[in-house]
1. Strictly over 31 Å apart at the Cα level, which of Lys11/Lys307; Lys237/Lys307; Lys109/Lys237; Lys11/Lys277 would you flag in this model?
2. Multiply the residue separation of Ala47 and Ala140 by 0.36 nm, subtract the distance between their alpha-carbon atoms, and state the gained length in nm to one decimal.
3. Between Leu202 and Thr69, what is the FRET efficiency for a Förster distance of 35 Å, r being their Cβ-Cβ separation, to the nearest 0.05?
4. In whole angstrom, how far apart do the alpha carbon centroids of the range 63-111 and the range 204-250 sit?
5. Once a ≥ b ≥ c are taken as the square roots of the eigenvalues of the Cα gyration tensor of the range 90-138, is the result rounded (a/c under 1.5), prolate (a/b larger than b/c) or oblate (a/b not larger than b/c)?
6. How large is the dipole of the chain about the Cα centre if only Lys and Arg carry +1 and Asp and Glu carry -1, each at its Cβ, rounded to the nearest 20 debye?
7. Residue farthest toward the positive end of the dipole of the chain, with Cβ of Lys/Arg at +1 and Asp/Glu at -1: which of Gln328, Gly201, Leu96?
8. Å³ per residue of the Cα convex hull, for the range 209-334?
Amino acid sequence: MKSNPYFDPRKPHRTREGFRNNYLQGGIGGSFLKWQWQRLRHSLPKAPAPDWRFPAVRPDVAWLAANRTETTATWIGHAAVLVQTHGLNILTDPVLSERASPFTFLGPKRRYPPALGIAELPRIDVVLISHNHYDHLDRATVLALNAQAGGAPLFLVPLGIAPWMRRIGITNVRELDWWETTTVDSTAFTFVPAQHWSARGLTDRFQTLWGGWAACAAPGEPSSFSFFFAGDTGYSKDFEDIGRHFGGFDLALLPIGAYAPRWFMRAQHVDPAEAVKIHQDIRAQRSMAIHWGTFGLADDPLDEPPKLLAQALRDTGIAAEQFLLQPQGETLRF
């Protein structure tokens with residue numbers, strides 16, 4: 001049995017064996033082998049409709065590189081978003097490699113290229129990592145960012161990931177527990193709970209923490225812009241807690257894809273209707289749909305999440321302008 005070096009009897013999510021979720025009763029998902037057997041017997045993930053085109057535009061690379069005053073958000077692909085606020089260039093879960101996998105020849109392959117390559121990014125100040133799954137933490141990408149001109153960014157990571165980063169040569173790292181806050185210049189970053197799990201191999205399940213990030217202006221700062229990045233998550237009461245604690249966000253980056261089949265994915269990945277519930281729970285003024293269309297990670301067709309999101313917004317009476325299907329590469333300006 002593994003021994004958790006972060007064990008703390010005062011914190012229920014930090015157990016002797018690893019980490020656990022706040023509200024989930026039972027395990028995450030069901031049998032992975034059962035899911036794969038059903039896929040083989042019945043159907044493989046469906047491709048998009050023949051006339052469907054992934055919504056993408058070419059970002060203004062030069063403008064983004066020069067911008068240090070205007071607040072923006074640019075979806076790069078999957079869970080990677082460039083947020084420019086409070087004079088910082090912030091990057092969430094950057095995975096710019098061809099595959100979300102430990103291998104270059106096997107594993108989920110990118111269906112659409114990232115909107116910005118490493119060489120096109122502005123100098124990144126802060127990288128936010130939500131957890132250690134391969135579609136959210138990519139070795140090649142973080143090493144490239146660590147070697148960027150002008151010096152390495154600061155990597156903010158969950159408990160347990162800093163040792164992995166240091167082993168590959170990344171030392172500008174701060175490791176946070178749920179509800180811990182660190183400040184960079186005028187921005188306060190708080191690591192918050194999500195309902196998910198962690199692993200990069202066969203024997204390290206639940207050995208590092210997972211979660212989302214809340215970024216707000218530090219106390220006393222004139223700017224009040226705030227944003228929330230959910231990472232990967234199932235739906236849980238955690239989001240009511242987050243909304244109550246922060247009182248709302250100007251922008252939320254919320255996943256809407258990789259949710260099928262529900263018997264397997266429900267506990268770990270929200271569907272579009274649940275993403276809308278999160279939007280409401282955390283009291284977001286505006287949300288941006290992420291984590292869809294890039295990698296075929298589950299059984300939902302790549303073009304299905306936008307359709308279900310549109311229906312969920314109609315069902316709840318929320319205007320489409322409040323939960324955006326932002327084209328990849330388009331810059332949202334505040």
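Every number in this text was worked out from the coordinates using simple rules, so none of it is lab data. Quantities reported herein were computed from a predicted structural model and do not represent experimental measurements. Positions of Cβ are generated from backbone atoms using ideal geometry, with glycine treated the same way; all protein chains shown enter the neighbour counts.
1. Working: Lys11/Lys307 40 Å; Lys237/Lys307 26 Å; Lys109/Lys237 33 Å; Lys11/Lys277 27 Å.
In this structure, Lys11/Lys307; Lys109/Lys237 lie more than 31 Å apart at Cα.
2. Full extension of this stretch gives 30.7 nm more.
3. Details: r = 48 Å, r/R0 = 1.36.
Efficiency, from the Cβ-Cβ distance: 0.15.
4. Taking the Cα centre of each part, the range 63-111 and the range 204-250 sit 18 Å apart.
5. It comes out oblate by the Cα gyration axes.
6. Working: 34 positive and 32 negative charges, 201 e Å.
Using only the charged Cβ atoms, the result is roughly 960 debye.
7. So the residue we want is Gly201.
8. It is 121 Å³ per residue.
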